[in-house]
Number of protein chains: 2
Amino acid sequence: MSDKPKPEPRFTREIPPGEDRERSVCAHCSFIDYRNPKIVVGSVATWDEKILLCRRAIEPRKGFWTLPAGFLETGESVEDGALREAFEEARARLELDRLLAVYSVPRIAQVQVMFRARLIAPDVAPGPESAAVRLYPWAEIPWPEIAFPTVGWALRHFYESRARTDFAPYSNPVEGL
Amino acid sequence: MSDKPKPEPRFTREIPPGEDRERSVCAHCSFIDYRNPKIVVGSVATWDEKILLCRRAIEPRKGFWTLPAGFLETGESVEDGALREAFEEARARLELDRLLAVYSVPRIAQVQVMFRARLIAPDVAPGPESAAVRLYPWAEIPWPEIAFPTVGWALRHFYESRARTDFAPYSNPVEGL
């Protein structure tokens with residue numbers, strides 16, 4: 001890190017030349033911040049029919065339960081990203097089974113790509129962003145303590161399709177967000 | 001647009017506090033440019049078994065044929081983005097059928113979400129980024145003039161699955177990129 005103090009970026013909304021919509025442009029340096037939606041990759045991973053959940057150690061929704069998932073990084077495939085997140089958040093080694101769902105969450109500019117997966121071993125442990133990790137039988141999933149709506153969707157869609165090998169992946173349920 | 005001349009952004013690679021990997025940070029204003037991969041949404045859209053292709057009017061691959069597709073915008077679902085791109089590039093009104101494929105192209109930091117779709121009417125016309133649009137019977141697809149590898153993948157995957165209603169979406173073919 002440089003020790004030189006830096007000004008804060010100062011973004012204004014402008015329509016750049018040749019474009020059809022406003023973008024955030026930094027008044028200091030003319031950088032155009034193309035705020036395209038981000039991709040979240042994650043998995044519903046099981047061991048012996050129990051589902052891996054992680055208790056969040058960070059905001060938002062600290063203390064609530066989530067699936068291992070996070071932002072895809074540059075240079076990764078969606079599959080590699082889902083495997084990395086499972087290891088980062090739960091020290092879990094997975095084998096991906098198939099694509100479970102592609103959810104769009106326009107309000108927060110996210111597309112979530114969720115896989116169905118199997119744990120290679122039941123040894124899981126909290127990574128830095130998790131306060132706890134646990135393998136939950138379906139009947140014991142802590143529904144009132146689930147962190148985000150899409151986690152609930154993925155769990156329900158996983159359960160609906162658990163006996164199927166070939167199916168179209170789910171998208172947002174009709175009730176939407 | 002402001003007329004005031006602006007300096008160019010000047011990005012250096014730094015590991016921001018609390019992070020585990022280098023990011024691009026502007027030396028002028030400390031803006032952290034999280035370069036997450038971008039989402040491309042598009043479709044293989046048909047009318048009477050003919051496939052809609054667009055001849056690119058812009059670089060890269062100007063003059064080559066592509067499927068209607070482009071970057072997902074903030075505030076859109078993947079479905080809405082695919083419909084918008086078909087209209088922008090080919091003035092085509094579509095009805096999406098189902099998810100055909102999710103391709104990862106780590107080299108250029110893209111995830112491509114491709115749908116199978118039907119044209120609501122055969123009236124298509126070039127938008128500003130297309131030099132021509134055409135409905136191609138499968139046997140006449142101009143393979144040597146296809147713009148990008150993923151367009152070829154989507155066309156082949158579309159053809160393989162054309163008689164199926166329920167199937168797992170495709171990902172990158174094994175030969176990869």
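The values are calculated or read from the model by the stated rules, or taken from the named source; none is laboratory data. All values derive from a computational prediction rather than experimental measurement. A quick note on method: Cβ atoms are made from the backbone with ideal geometry, for glycine too, and the neighbour counts reach across all protein chains shown. Heavy atoms of the whole protein, side chains included, go into the accessibility calculation; ligands, DNA and RNA do not. Shrake-Rupley method; radii C 1.70, N 1.55, O 1.52, S 1.80 Å.
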Next item on the list: Evaluate segment A:102-113: report whether one residue or more is in contact with a Gly (Cβ under 8 Å, 6 or more places away or on another chain), open to solvent by less than 10 Å² (accessible area, probe 1.4 Å), modelled with pLDDT of 95 or more and part of a strand (DSSP E or B).
Entry: yes
Next item on the list: Note down all Cβ pairs under 8 Å where the first residue falls in segment A:93-105 and is within 17 Å of B:V111 (Cβ to Cβ), the second is in a strand (DSSP E or B) and charged (D, E, K, R), and they're at least six residues apart or on different chains.
Entry: A:L96/A:R116; A:R98/A:R116; A:L99/A:R116; A:L100/A:R116
Next item on the list: Among the numbered conditions (1) open to solvent by 20 Å² or more (accessible area, probe 1.4 Å); (2) at pLDDT below 95, tell me where B:F158 comes up short.
Entry: (2)
Margin query: Any residue that is in contact with a helix residue (DSSP H, G or I) (Cβ under 9 Å, 6 or more places away or on another chain) and crowded, with 23+ Cβ neighbours inside 10 Å - is there at least one of those in segment B:75-82?
Written below: no
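Taking the stated definitions as given, is B:P128 farther than 22 Å from B:Y103 by Cα, under 18 Å from the mean Cα position of the chain (by Cα) and not small (G, A, S)?
Numbers: farther than 22 Å from B:Y103 by Cα: yes; under 18 Å from the mean Cα position of the chain (by Cα): yes; not small (G, A, S): yes.
For B:P128, the condition - farther than 22 Å from B:Y103 by Cα, under 18 Å from the mean Cα position of the chain (by Cα) and not small (G, A, S) - is met.
Please determine, by comparing only the residues of segment A:141-174 that are in a loop (DSSP other than H, G, I, E, B) and hydroxyl-bearing (S, T, Y), which one is farthest from A:E49 (Cα to Cα). Don't jump to the end; show me each part of the working.
Let us first name the residues in segment A:141-174 that are in a loop (DSSP other than H, G, I, E, B), namely A:141-142, A:147-148, A:161-169, A:171-174.
Those left that are additionally hydroxyl-bearing (S, T, Y): A:161, A:165, A:171.
Numbers: A:S161: 13, A:T165: 15, A:S171: 23 Å.
Looking at residues that are in a loop (DSSP other than H, G, I, E, B) and hydroxyl-bearing (S, T, Y), I get A:S171.
Restricted to segment A:121-140, and to residues that are part of a loop (DSSP other than H, G, I, E, B) and open to solvent by 60 Å² or more (accessible area, probe 1.4 Å), which residue is nearest to A:R93 (Cα to Cα)? Let's see the steps before the verdict.
Looking only at segment A:121-140, we keep the residues that are part of a loop (DSSP other than H, G, I, E, B), and these are A:121-129, A:137.
Pick out the ones that are also open to solvent by 60 Å² or more (accessible area, probe 1.4 Å) and you get A:123, A:126, A:128-129.
Details: A:D123: 9, A:P126: 13, A:P128: 16, A:E129: 17 Å.
Per the criteria, the residue is A:D123.
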Item checked: Of residues in segment A:146-169 being under 19 Å from the mean Cα position of the chain (by Cα) and free of Cβ contacts under 8 Å to residues at least 40 places away in the same chain, the one farthest from B:R164 (Cα to Cα) -> A:P149
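Could you please find all residues in segment B:86-101 being open to solvent by 10 Å² or more (accessible area, probe 1.4 Å) and outside any strand (DSSP E or B)? Talk me through it step by step, then tell me what you get.
Applying the first criterion (open to solvent by 10 Å² or more (accessible area, probe 1.4 Å)) to segment B:86-101 yields B:87-89, B:91, B:93-99.
Those that are open to solvent by 10 Å² or more (accessible area, probe 1.4 Å) and outside any strand (DSSP E or B): B:F87, B:E88, B:E89, B:R91, B:R93.
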Notebook entry, point to check: Restricting the first residue to segment B:133-145 and requiring it to be of a type in the set (D, E), which pairs with a second residue that is modelled with pLDDT of 95 or more meet a Cβ separation below 8 Å and a spacing of at least six or different chains?
Noted result: B:E145/B:G63; B:E145/B:F64; B:E145/B:W65
Note to self: Among the residues of segment A:97-105, are any of a type in the set (V, I, T) and touching a Ser or Thr at 6+ places or on another chain (Cβ under 9 Å)?
What the structure shows: yes
Next item on the list: Would you check if there is a residue in segment B:29-43 being within 25 Å of A:V113 (Cβ to Cβ), buried (at least 20 other Cβ atoms within 10 Å of the Cβ), within 20 Å of the chain's Cα centre (by Cα) and more than 10 Å from chain A (Cβ to nearest Cβ)?
Entry: yes
